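Q: Here's a structure for you.
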Amino acid sequence: MRARFRLNFARSDPIEKSAGDITPVILVDVGGPVLGGLAWTLGRMPERRGQRESKLGASMDLATNGRLRVDAVTRGVCVGVALASALLLSLSALAQDPFAGPRAAMVATIEQYARLTPDVFEDGAIDPAVLEVMGTIPRHEFVPDRVRDLAYTDQPLPIGYGQTISQPFIVAMMTDLLAIEPGDTVLEIGTGSGYQAAVLSPLADAVHTIEIVPQLGDTAAAALDRLDFDNVQVRVGDGYYGWPDAAPFDAIIVTAAASHVPAPLVQQLRPGGRMVIPVGGPFAVQQLMLLERQPDGGVVSRQIMPVRFVPFTGAGIR
């Protein structure tokens, strides 16, 4: 049986190691500065090249190019233990967060889509702070068990009661468009699963979110509390009228499509603040709009892209 390994300890070229049936033979390229430490780790350096240490059954040849040859069962075991330890650490990390890989892949997909739509973002790219948050929030904690395996795919997922958790790219894009600064207070209309509020939480000072479906509101509040998103407050009610006693808001995000922009939300937006809202008919293609309130109270708006959201419900929107 033969095994092959590749290691590169320093600035020299990658080298190849091969292990024979009984005695592993390890060929390691090392730079001068690391020779002492490596020799201390592997054992005492021979006094001259070619010296044999019969008791240990090992030889160490130090060539002028910094190549160290170690032929020893003991040394091979040491390397094997080191490799096994590294593997165990990796497996331990994976066991602690089995969704880390899928979450990283999700963030990579978001970055790829952002590069395809540079006009959407002010600097032509999505804010790194938003990407960092997307890479840490456990989306799988905000979806039903039956679709948990799909938590980090870039698609909306059903969460019950005719509602969905938004596509991760849309969540990231809408969050980016809000341009949240430290100390900001944010209002979300349409809590849903609570995932969007969780994404907003690390970026803002306070997040207020309103859900019209009581069961969803209660479930989201419980999840946010369990995961220690302490700066998020959830209210069950009609989001059309906003949250007057917490206004004004530096940013407002609406995660359901309205036939028009609710006037109470505009009134609760601070001058200089931003609102992101999908506008259009129910179960049809809508336009994602970015509104900015001016110092004189006026509003400037622009269309971002076509989207499809569940309809905005409540007495106020009728």
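Q: Using amide H atoms built in the peptide plane, which far-off residues or other-chain residues are under 5 Å from residue 273 H to H?
A: 293
Q: For residue 284 and residue 155, what does the FRET efficiency come to when R0 = 25 Å and r is the distance between their Cβ atoms, rounded to the nearest 0.05?
A: 0.85
Q: Further question: Rounded, prolate or oblate: which fits region 255-297, taking a ≥ b ≥ c as square roots of the Cα gyration tensor eigenvalues, rounded meaning a/c under 1.5, else prolate when a/b beats b/c?
A: The shape class here is prolate.
Q: Something else: Given H placed on each backbone N at 1.01 Å, which residues far from residue 164 in sequence or on other chains put an amide H within less than 5 Å of it?
A: 159
Q: Also, quick follow-up: In whole Hz and in residue order, list the ³J(HN,Hα) couplings for region 307-315 that follow from phi through the Karplus curve 6.51 cos²θ - 1.76 cosθ + 1.60, θ = phi - 60°; x for Gly and Pro.
A: Couplings: 9, 9, 10, 5, x, 6, 10, x, 5 Hz.
Q: Which distance in nm do the two modelled labels at residue 236 and residue 108 give, with both placed 7 Å along the Cα-to-Cβ direction?
A: Here the answer is 4.2 nm between the modelled labels.
Q: Still on this structure, please answer the following. Separation between the residue 122 and residue 136 pseudo-spin-labels, each 7 Å from Cα along Cα→Cβ, expressed in nm?
A: Between residue 122 and residue 136, the label points sit 2.1 nm apart.
Q: Going by amide H atoms built from the backbone, whose H comes under 5 Å of the H on residue 180, apart from near neighbours?
A: When sequence neighbours closer than 5 places are left aside, there are no close amide H contacts.
Q: Take the alpha-carbon centre of region 96-142, take the same for region 181-256, and report the distance between them in whole Å.
A: 20
Q: Can you tell me the Rg and the Dmax, both Å, for the Cα atoms in region 97-156?
A: Every Cα atom of region 97-156 included, Rg and Dmax give 12.5, 38 Å.
Q: Got a sec to turn the phi values of region 278-284 into Karplus ³J(HN,Hα) couplings, 6.51 cos²θ - 1.76 cosθ + 1.60 with θ = phi - 60°, whole Hz, x for Gly and Pro?
A: Each residue of region 278-284 in turn: x, 10, x, x, x, 6, 9 Hz.
Q: Also, I was wondering about something else. Dipole of region 230-318, Cα-centred, from +1 at each Lys and Arg C-beta and -1 at each Asp and Glu C-beta, to the nearest 20 debye?
A: So the dipole magnitude of region 230-318 works out to roughly 260 debye.
Read-outs throughout are calculated quantities, based only on the coordinates presented, and are distinct from any laboratory measurement. Keep in mind that this is a model prediction, so the values were computed, not measured. Positions of Cβ are generated from backbone atoms using ideal geometry, with glycine treated the same way; all protein chains shown enter the neighbour counts.
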